[in-house]
Amino acid sequence: MEIVVCLKPVPEAETRLRAATDGRALDSEGVKFVLAGYDESALEQALLLKESIAGSRVHAVSYGPGPRTEEVLRAAIALGADLATWVEAPPGTALDPIAAARALAAAITSVPHDLILCGKQAGDDEAGLVPPALGELLSLPEFSSVVDLRWDAGTSRFRFLRSTEEGGERWESSGPCVMGLQQAWNDPRTAKLPNILRSRKATIARRPLEPVPAGPRSESERFELPAPRTGARMIEYKTPAEAAQQLVRLLREEAKVFP
Amino acid sequence: MTAPILVVGEVQAGHLTSPTLECITVGQHLAAGQAPVIGFVAGSSARSVADEFSHVGVARVVVVTDATLDTALVAATAHAVAAAAERVGADTVLVGGTTFGRELVGRLAIRWNASAASSVTEVRKEGDALHVRRPIFGGRATETRRLDGPRFVLALRPHTFPVPPDAAVPSNIEEVPLPSLPPGLLVARRTALEPTSEGVGPSLGDASIVVSGGRGVRTAENFHLVEELAAALGAAVGASRAVTDAGWRPSSFQVGQTGRSVSPQLYIAVGISGAIQHLVGMLSSRVIVAINSDASAPIFRVADYGIVGDLFQILPALTAEIRRVRGL
Ligand SMILES: Cc1cc2nc3c(=O)[nH]c(=O)nc-3n(C[C@H](O)[C@H](O)[C@H](O)COP(=O)(O)OP(=O)(O)OC[C@H]3O[C@@H](n4cnc5c(N)ncnc54)[C@H](O)[C@@H]3O)c2cc1C
Ligand SMILES: Nc1ncnc2c1ncn2[C@@H]1O[C@H](COP(=O)(O)O)[C@@H](O)[C@H]1O
């Protein structure tokens, strides 16, 4: 089975966010970009599938500028990915999810793919648009919020569970699809040192970005941090009942969160 | 010149969802009375939902009642929406930003060649472009994006906009056929639907109030205190990873970086310290309440209201007070 997994380098969780001087985007000066969040789950799921199906390969694909994109692909190789493709974006390219989906789809079309795994949403833009856009570009079904995924060798079907607002949906598929993985129900593994060292020399296929067909674009024009919450208004009380009364009164009259 | 705006109806338990209704309000605002807001709904039982749609202030309703759509394959719906948008000459498609809505927007961006955004909390039209605001980085920042025309598809963040009043006169309903689909799209089928694993009450992603418990609750058995408060509020129940890791509640309850992101009107964190990995899943909530015995817990730095105290005393009192004011 040929499993493609799409990985986006994102600022590590502890990053102190600041706007760049033009105020349009995150200031990425000194920011460490990592493989994180749902993408880590997607890669882990890809590796678990590979281990359960003989003769499988995991192919990590990432679109973005260097060096962060190359580094994330090396991290994926250190964790067990067999192949890696880097679709190079010129430095400073602002990544719009639909443009990213087009770049990724062009790379995926030219390699074997029985299954395409993504994170449900990227840790930075949180758009959740790349997986469905990829599905449409590749003419494949797409499922977001997948929380469990198995290969049933007996029936040659993927069986998976997704968690939506309505509850759990069980699905099966006899052919390729795109999935957005929801959570680290599978505790992602960590890379072993010898593998990290080996990954530094691994080959990464570089693909220049094909000229994107003229089409609708979106562009970030302002990046803002929320006004710092001034700290909680602390409720003074003598008895728990008094605390409860005060809180409920404030929630109704001041915050107006319920009648 | 303003073109019609199409609002895609999402159906749950046989009814239009409230995020759908919020889209009508936004559509009316964008159309500014110069173009109609048109409803769209698909599925084999969409006809009765179309009736409901015709009473909530849309100029007319386009309905596709094809059984192919019943497996809820978003791909099929996207093809039907694109065809309907063409038919009515719409330049904008709006949908609630649920799992379904975001998938639909991603597919439509390609299918209908439109610029797209999800989790939108504000929309402004300026010339041929739309400017949208949306939370990013788990609510730790906000971006404004410019979307270039001529076509736009937006998934609006649920619980952000008001719902429209009911219309006095129902609008017309027009039935249209489902366009044919590429066969590759139909390889998957839904085999079962399970009720929300979060138990009774609204599901986490959907709820306008969420009450979450953390390690401070101490045992699985004590978690009923959190659940009773949630029940009194009609809220969904969430948890920190300390709780799901300990197996006190299943991982579907987890809020945070590796769990779910929620953005309710009200988030109540009980016995949760406020680690960054938890915060990124709930910071975009409108109002945050923290109940914690440690006055220096970081959760108080992001909360709007705080009670320093023992949750085992505060929760029962709070549940009782809520029941009292709600007449339960
Ligand atoms: C990669 C990674 C991903 C992670 N993802 C997530 C995630 O998605 N979601 C998540 O939640 N965490 C996540 N975590 C874990 C996170 O770092 C914290 O460990 C976790 O959120 C702590 O949970 P807690 O606040 O319930 O527990 P604690 O930090 O132990 O806090 C318990 C709190 O309860 C209070 N308390 C104790 N007794 C009482 C009482 N009687 N009354 C009132 N208050 C009381 C204490 O003062 C304390 O503040 C992740 C960590 C990593 C490394
Ligand atoms: N530039 C990218 N390169 C590789 N994968 C990406 C890229 N952008 C998004 N993805 C994948 O698509 C998922 C959803 O991204 P988004 O739609 O931006 O929220 C991510 O979790 C990744 O798996």
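Below are the figures for this structure:
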item: Compactness of segment B:5-186 as Cα Rg over 2.2 N^0.38 Å, two decimals; result: 0.96
item: Point-to-point label distance, A:V31-B:A320, nm (Cα→Cβ direction, 7 Å offset); result: 5.0
item: Helix A:240-253 vs. chain A, principal-axis angle (Cα, 0 to 90°, nearest 10); result: 80
item: Of all DSSP beta bridges in the protein assembly as shown, antiparallel share, percent nearest 5; result: 35
item: For B:S118, distant residues with modelled amide H under 5 Å away; result: B:A155
item: Simple label model, 7 Å out from Cα along Cβ direction - B:A32 to A:M234, nm; result: 4.9
item: Using θ = phi - 60° and Karplus 6.51 cos²θ - 1.76 cosθ + 1.60, couplings along segment B:45-62 (whole Hz; Gly, Pro as x); result: 9, 5, 4, 5, 5, 4, 4, 4, 4, 5, 9, 10, x, 9, 6, 7, 10, 9
item: Lysines with Cα under 17 Å of A:K50, excluding same-chain neighbours fewer than 8 positions away; result: none
item: Folded to 0 to 90 degrees: helix B:224-233 orientation relative to chain B principal axis, Cα; result: 50
item: For segment A:2-208, the Rg and Dmax computed from alpha carbons only, in angstrom; result: 16.5, 57
item: Shielding by partners, peptide B:179-188 (average Cβ within 10 angstrom, other chains); result: 5
item: C-alpha long axis of helix B:99-111 to longest principal axis of chain B, angle in °; result: 40
item: Amide N of segment A:32-68 lying under 15 Å from the label point, which is placed 7 angstrom from the Cα of A:R206 along Cα→Cβ; result: A:62-68
item: Label zone at A:R18 (point 7 Å along Cα-to-Cβ), backbone N below 14 Å, segment A:30-53; result: A:30-32
item: DSSP beta bridges in segment B:5-186 [antiparallel fraction, %, rounded to 5]; result: 40
item: Ordering of B:273-285, A:79-91 by packing [mean C-beta count within 10 Å, highest first]; result: B:273-285, A:79-91
item: Solvent-accessible area buried by pairing B with A, both sides, nearest 100 square angstrom, 1.4 angstrom probe; result: 7600
item: Residue-wise HN-Hα coupling along segment A:75-89, computed from phi with Karplus coefficients 6.51, -1.76, 1.60 (Hz; x: Gly, Pro); result: 4, 5, 5, 4, 7, x, 5, 8, 10, 9, 10, 10, 8, 7, 9
item: Mean separation of Cα contacts under 8 Å (6+ apart) over length of chain B, as relative contact order %; result: 14
item: Heavy-atom accessible area ranking, 1.4 Å probe, most first, across B:W248, A:W151; result: A:W151, B:W248
item: From the C-alpha gyration tensor of chain B, square roots of 5λ in Å; result: 38, 21, 19
item: Only Lys, Arg (+1) and Asp, Glu (-1) charged, at Cβ; segment B:203-283 dipole about Cα centre in debye; result: 200
item: Occluded residues from segment B:122-146, i.e. those whose accessible area drops by 50 Å² or more once the chain is not alone (1.4 Å probe); result: B:F137, B:R140, B:T142, B:T144, B:R145, B:R146
item: Pair A:E51, B:E194: separation of 7 Å Cα→Cβ label points (nm); result: 2.3
item: For the protein assembly as shown: Kirkwood Rh in Å [reciprocal of mean 1/r, alpha carbons]; result: 24.5
item: Those trypsin sites (Lys or Arg not before Pro) in segment A:217-253 that DSSP places in a loop and that have at most 11 other beta carbons within 10 Å; result: A:K238
item: Whole-Hz ³J(HN,Hα) from phi, Karplus 6.51 cos²θ - 1.76 cosθ + 1.60, for segment B:314-319, glycine and proline x; result: 6, 4, x, 5, 5, 4
item: R0 of 51 Å, Cβ-Cβ distance B:F312-A:K192: FRET efficiency to nearest 0.05; result: 0.70
item: Tensor-based shape of segment B:209-325 (alpha-carbon gyration tensor, a/c under 1.5 rounded, otherwise prolate or oblate); result: rounded
item: Dipole of segment B:85-231 [Lys/Arg +1, Asp/Glu -1 at C-beta], most positive-end residue of B:P182, B:V123, B:A141; result: B:A141
item: Sequence-distant residues sharing a close amide H with B:Q12 (under 5 Å, placed H); result: B:T17
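The values are calculated or read from the model by the stated rules, or taken from the named source; none is laboratory data. Everything numeric here is computed off the predicted structure, so don't read it as measured data. Counting neighbours? That spans all protein chains shown, and the Cβs are built from the backbone with ideal geometry, glycine included. Heavy atoms of the whole protein, side chains included, go into the accessibility calculation; ligands, DNA and RNA do not. Shrake-Rupley method; radii C 1.70, N 1.55, O 1.52, S 1.80 Å.
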